[in-house]
Amino acid sequence: MPTWTFEHTIDTPASPAAAWAVLADIAAWPAWDHEVERAALDGPLRVGATGSLKPAGGPNTRFTVTAVQAPHRMTDVTKLPLAQMTFDHRYAPAPGGGARLTHAVRIEGLLAPLFARVIGRKIVAGMPTAMAALAARAAARDTVAA
């Protein structure tokens, strides 16, 4: 089965808990990810929860949360025509303090090569900036809490 993957990792002085708090506030994703116009979760963040996301310039999509291990991991899956896209967000303590944030995306299915060109390019271009903004918000949250 055709598969496309991309992963980006950054270290931040923020704690994993502060980074998790930013990630878990799904409605606020547009504040740190300029590729997201709107995001919402239909209830509490838990395995099986569903939500919607409107990418910049794209159609509204639905996703299902498939893994939650607060404050270390959240995975969600979006069904696409003849494919599916999985986002895996992993947060761990970084060597020397702070957090190591890794966001990985996988598109698999018959139309994965097409979606890699259409969606994957935007993900590759935007993910580093979005993660830097998430890390900055998390660091600010840690500073306010201190």
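What follows draws every value from the coordinates through simple rules; no lab data is involved. Fair warning: this is a prediction, and the values are worked out from it, not measured in the lab. Cβ placement follows ideal geometry from the backbone for every residue including glycine, while neighbour counts extend to all protein chains displayed.
Other residues whose C-beta falls under 14 angstrom from the C-beta of Ala94 contribute a net charge of 0, scoring Lys and Arg +1 and Asp and Glu -1.
Set the Cα radius of gyration of the chain against 2.2 N^0.38 Å, with N its number of residues, and you get 1.02. Shape class of the stretch 1-78 from the Cα gyration tensor (axes a ≥ b ≥ c, square roots of the eigenvalues): rounded, since a/c falls below 1.5. From its DSSP helices (H runs of at least four residues, each -39,500 (n - 2.57)), the chain gives a residue-normalised ellipticity at 222 nm of -8500 deg cm²/dmol.
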